[in-house]
Amino acid sequence: MPPSPDGDRGRAVLDAQDIHRALTRISHEILERNRGAEDLLLLGLPTRGVPLARRIAERIGEVEGHVPEIGALDVTLYRDDLRQHPTRGPQRTEIPGGAVDGKTVVLVDDVLYSGRTIRAALDALADHGRPDAVRLAVLVDRGHRELPIRADHVGKNLPSARTERVMVRLEETDGYDEVRIADTVAPATEERP
Amino acid sequence: MKHLLSIDDLTVDDVTQLFATAAEMHDVQHRSVKKLPALRGRTVINLFFEDSTRTRSSFEIAGKWLSADVINISAKGSSASKGESLRDTVLTVTAMGVDGLVVRHAASGAAQQISEWVDVAVVNAGDGTHEHPTQALLDAYTLSRRLGSLEDRHVVIVGDLTHSRVFRSNVKLLHKLGARVTVVAPPTLMPSGVGAWSAQAGFTTSWDLDEVLPSADAVMMLRVQRERMQGGFFPTPREYTIGYGLTRDRLAQLKPDTPICHPGPMNRGLEIAPEAADAAASMVLDQVSSGVAIRMAVLYHLLAGEENA
């Protein structure tokens, strides 16, 4: 395994196999809930939601023979904490066909925490149109919600303390698949609630 | 980045970041809801002491699409025309509780001076013959969308260099981005002292447009600023066109599909022939739409983050 900046801090909670199985289950759940892959649009939230959405879409394609549309939805400009941090540039937003009207949108993210990112995503989505339905799939739900938001599809429920960090590493972005949980030494930077 | 007064304020990384942000902002123009909430609750004042249509409305649209409140103040009809000093006008306006000032003024250095008087973000939207940084950013952004990297590309800037702040900002930025720049003007419109500056800033000068055009990867025509000329720079407009206009004949000297830029407003038939202005390779309207995206990116980076960041 390539060395990571976090080293071996904390403990691994999901390995590559676990992540694979969790995504397979989520793919089946989405299909079951949607009764097929018709009008399905998977929107990953950058950074790591995007490769997760792509993997789920591939899994659905294998099962159903029809790969659903995928895209990316960046929420930077919709965050409620823009004023509390130095300015960050927005990341790529890509809506296939430019419209979400009439689609069932599944938002895909790596970690569900305060729910504020999802709140921002719902606002961003509304500016792109009016989907028939919006659902949420996450790899890890670590609790501590600050808004009335819950996920429809969860890879793993991971009870955590607010002082802990959950680190998701994916092949596409980090070179390997793993989810770790560790005590925070310094305030978490990359994983803002 | 607290202010944007000059291209000198920007590192190459800043420019890359602004271009990436602008690319995202650009997509908003094609959405049915042209609104982003990033600057909600922020107030921007466009303080224009010189006439401007496109720059002012471009900043206005940029601010509004980011949900800022944008107020336009122009010198005509303001208390500046009643004899109020620049400092008093600026202090009065900022005392109303604004977050950003977009300033255009006929005096070089006005934006810099204002930024020293007030505590809010200041964007230079053109100061005299000094700089117009957002114009240079949108020009380079437009060209990089068309050409890819500007590294080692040959950009030819033609026209009234003496009076042009666009030229000054552009040579600085294009040099930063690795482009080779040649500026072309009749001797009377070549700024004095350009020789020493060009050596230091890495661009070359020429009086002969026909010599440089065939090697150009992009051509930027500047407006002949008749309002800034008190006579004597060239004998007749016709003579200017013959020597330095992008005429139909010169269009044929260009490599195929060479992008043609003009910051506008164009004097059709003077510095640019209608055939060039309306050519398929003309970037004039792309520049306008890029202008909104670049100004959104600039306002976003100056005003969205934590204060004193």
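Scanning the range B:282-301 for residues that are within 20 Å of B:VAL120 (Cβ to Cβ) and either surrounded by 24 or more Cβ atoms within 10 Å (Cβ to Cβ) or more than 14 Å from chain A (Cβ to nearest Cβ) (or both) gives B:ARG295, B:MET296, B:ALA297, B:VAL298, B:LEU299, B:TYR300. Could you identify the single residue in A:LEU73, A:LEU82, A:LEU45 that is within 30 Å of B:GLU306 (Cβ to Cβ), surrounded by fewer than 23 Cβ atoms within 10 Å (Cβ to Cβ) and among the aliphatic types (A, V, I, L, M)? None of the others qualify; the one that does is A:LEU82.
Taking helices (runs of 4 or more DSSP H) that fall entirely within the range B:170-247, which contain at least 2 residues that are hydroxyl-bearing (Ser, Thr, Tyr)?
The helices (runs of 4 or more DSSP H) meeting that bar are B:237-244.
If you go through the range A:117-126 and keep only what is touching a residue at least 24 places away in the same chain (Cβ under 8 Å) and either out of contact with any Leu (no Cβ under 7 Å at 6 or more places or on another chain) or buried (at least 19 other Cβ atoms within 10 Å of the Cβ) (or both), you end up with A:THR117, A:ILE118, A:ALA120, A:ALA121, A:ASP123, A:ALA124, A:LEU125.
With respect to A:ARG165, is the statement that it is basic (Lys, Arg), touching a strand residue (DSSP E or B) at 6+ places or on another chain (Cβ under 6 Å), outside any loop (DSSP other than H, G, I, E, B) and closer than 30 Å to B:LEU66 by Cα true? So A:ARG165 does not fit the description; no.
Look through the range A:10-25, keep the residues that are among the β-branched types (Val, Ile, Thr) and within 17 Å of A:ASP109 (Cα to Cα), and return whichever of them is surrounded by the fewest Cβ atoms within 10 Å (Cβ to Cβ).
Let us first name the residues in the range A:10-25 that are among the β-branched types (Val, Ile, Thr), namely A:13, A:19, A:24.
Those still in the list that are within 17 Å of A:ASP109 (Cα to Cα) too: A:19, A:24.
Numbers: A:ILE19: 23, A:THR24: 17.
My answer is A:THR24.
Where the second residue is surrounded by fewer than 22 Cβ atoms within 10 Å (Cβ to Cβ) and basic (Lys, Arg) and the first is not assigned by TED's automatic domain parsing to the domain that holds B:VAL155 and lies in the range B:244-264, which pairs have Cβ atoms under 6 Å and are six or more apart or on separate chains? Correct list of pairs: empty, since none qualify.
Restricted to the range B:67-111, and to residues that are closer than 19 Å to B:HIS301 by Cβ and in contact (Cβ under 8 Å) with a residue 60 or more places away in the chain, which residue is nearest to the chain's Cα centre (by Cα)? Spell out the reasoning first.
Restricting attention to the range B:67-111, the residues satisfying the condition of being closer than 19 Å to B:HIS301 by Cβ are B:67-70, B:98-103, B:111.
This time we only want the ones that are in contact (Cβ under 8 Å) with a residue 60 or more places away in the chain, so: B:68, B:99-100, B:111.
Numbers: B:ALA68: 22, B:ASP99: 22, B:GLY100: 19, B:ALA111: 15 Å.
Looking at the filtered set, the residue picked out is B:ALA111.
What number of residues in the range B:265-286 are within 20 Å of B:GLU239 (Cα to Cα) and either of a type outside the set (A, V, I, L, M) or part of a helix (DSSP H, G or I) (or both)?
8
Looking only at residues in the range A:58-86 that are closer than 21 Å to A:ILE26 by Cβ and of a type in the set (A, V, I, L, M), the one that is farthest from the other protein chains (Cβ to nearest Cβ) is A:VAL63.
Every condition in (1) surrounded by fewer than 24 Cβ atoms within 10 Å (Cβ to Cβ); (2) within 30 Å of B:MET220 (Cβ to Cβ); (3) in contact with a helix residue (DSSP H, G or I) (Cβ under 9 Å, 6 or more places away or on another chain) is met by B:ASP99 except one, and the failing one is (2). If only residues of the range B:112-133 that are over 15 Å from the mean Cα position of the chain (by Cα) and not hydrophobic (A, V, I, L, M, F, W, C) are counted, the one that is surrounded by the most Cβ atoms within 10 Å (Cβ to Cβ) is B:SER115. Of all residues in the range A:114-139, exactly one satisfies the criterion of being among the polar types (S, T, N, Q) and either part of a loop (DSSP other than H, G, I, E, B) or in contact with a Ser or Thr (Cβ under 9 Å, 6 or more places away or on another chain) (or both), namely A:SER114.
The residues on offer are A:GLY89, A:GLY102, and the sole one that is small (Gly, Ala, Ser), in contact (Cβ under 8 Å) with a residue 60 or more places away in the chain and either farther than 15 Å from A:ILE26 by Cα or within 14 Å of chain B (Cβ to nearest Cβ) (or both) is A:GLY102.
Restricting attention to the range A:68-113, which residues are among the small types (Gly, Ala, Ser) and either in contact with a Pro (Cβ under 9 Å, 6 or more places away or on another chain) or in a helix (DSSP H, G or I) (or both)? Lay out the reasoning, then the answer.
Of the residues in the range A:68-113, the ones among the small types (Gly, Ala, Ser) are A:71-72, A:89, A:97-99, A:102.
Within the range A:68-113, A:GLY71, A:ALA72, A:GLY97, A:GLY98, A:GLY102 qualify.
Residues in the range B:15-38 that are in contact (Cβ under 8 Å) with a residue 40 or more places away in the chain and more than 9 Å from chain A (Cβ to nearest Cβ): B:VAL15, B:PHE19, B:ALA22, B:HIS26, B:GLN29. Test A:PRO131 against the stated conditions and say whether it is over 13 Å from the mean Cα position of the chain (by Cα), surrounded by fewer than 16 Cβ atoms within 10 Å (Cβ to Cβ) and closer than 24 Å to A:ARG33 by Cα. It is false that A:PRO131 is over 13 Å from the mean Cα position of the chain (by Cα), surrounded by fewer than 16 Cβ atoms within 10 Å (Cβ to Cβ) and closer than 24 Å to A:ARG33 by Cα.
The values are calculated or read from the model by the stated rules, or taken from the named source; none is laboratory data. Model, not experiment: these values are computed from the prediction. Every residue, glycine as well, gets a Cβ built from its backbone with ideal geometry; the counts of neighbours run over all protein chains shown.
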